[in-house]
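The values are calculated or read from the model by the stated rules, or taken from the named source; none is laboratory data. Every value quoted in this text rests on a predicted model; they were computed, and no experiment measured them. Counting neighbours? That spans all protein chains shown, and the Cβs are built from the backbone with ideal geometry, glycine included. These accessible areas exclude ligands, DNA and RNA; they are computed on the full protein's heavy atoms, side chains included. Shrake-Rupley method; radii C 1.70, N 1.55, O 1.52, S 1.80 Å.
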Amino acid sequence: MKGVALHILGDDFSLLSRQRDEAVNSLVLLAEELPGVDFSTLLNTFNEQWVHLAQFFGAPLIIELLRVTGDLTAEWYRTAPADQLGEPVFFVGPDPAPYWMIAAREFGERFIHHCQIARATGRSAPDDPSLVLPFMAGAMRGFPQTLALLDAPAGSAVTVQVDERAWTIRHDPGGWVVYDGRPDDPTVDVHMTGAAATAVFTRGLGHDGVRAVLDVKGAPPLAQQIGDGLAAFFGRAD
């Protein structure tokens, strides 16, 4: 779990430097040492190097630093113009994203790692709707890229409902688009509790476990594809 905490600390150092302070992106510097390497490899290499080098940090120091960088990060995203374009959020798309989406990505990553640490230490994952629902709202923004891989007819609508909150991803003329709320008759309707959503989207369940907590209804074959896809992507190998 020390490695996960150091990973988050490295994220804070990196994003504050490149976004707030407009310093050179750490991956750009690493790319100079590793020319021709793809983005994913660069990111994984940077994270591995940072965690390895910081292993000598003591746990109390890591906690203190996370408190400081967490406050600085929260303040940065609170004051950054929400609609100003920044860096891409790659699970949403390759284009520059507004800062509200960048902040949602960072919240989501910390929520996932929080849940990982909680599970590893025998604690319960957070189930407060004030945490779960914003996490899910951010995660929904990644669905259009995934659904674009499916051969679904125009006008298809996939609704994901978590407790009383719902989002709909609809196949519009320009592609799949996320909307808040639900239509009267979606093509596919996915229901889950907040606890189930947390377990699924933070990869806390195996493939069969994901299927067990999802209630997927709707028109075939899209409903089957959605259920199978969620289990395959988010489920750990059983």
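Here are a few things to note about the model shown:
- Unmet requirement for residue 26, which otherwise passes all of (1) surrounded by 17 or more Cβ atoms within 10 Å (Cβ to Cβ); (2) of a type outside the set (A, V, I, L, M, F, W, C); (3) closer than 26 Å to residue 201 by Cα: (3)
- Any helices (runs of 4 or more DSSP H) falling wholly within the stretch 124-214 and containing at least 3 residues that are under 19 Å from residue 106 (Cα atoms) and modelled with pLDDT of 95 or more: 129-140, 194-201
- Selection from the stretch 197-237 of residues that are under 20 Å from residue 136 (Cβ atoms) and of a type in the set (D, E, K, R): 203, 211, 215, 217, 236
- Residues that are open to solvent by 40 Å² or more (accessible area, probe 1.4 Å) and in contact (Cβ under 8 Å) with a residue 60 or more places away in the chain, drawn from the stretch 96-128: 109, 110, 112, 116, 117, 119, 120, 121, 127
- Inter-residue pairs, beta-carbon under 6 Å, first within 13 Å of residue 77 (Cβ to Cβ) and in the stretch 9-21, second of a type in the set (S, T, N, Q) and assigned to a helix (DSSP H, G or I), 6+ apart: 12/69; 12/73
- Residue among 53, 43, 131, 34 that is open to solvent by 70 Å² or more (accessible area, probe 1.4 Å) and free of Cβ contacts under 8 Å to residues at least 60 places away in the same chain: 53
- Filter result for residue 72 (out of contact with any strand residue (DSSP E or B) (no Cβ under 9 Å at 6 or more places or on another chain), closer than 18 Å to residue 23 by Cβ and either open to solvent by less than 80 Å² (accessible area, probe 1.4 Å) or modelled with pLDDT of 95 or more (or both)): yes
- All of (1) over 22 Å from residue 91 (Cα atoms); (2) open to solvent by 30 Å² or more (accessible area, probe 1.4 Å) hold for residue 203 with one exception: (1).
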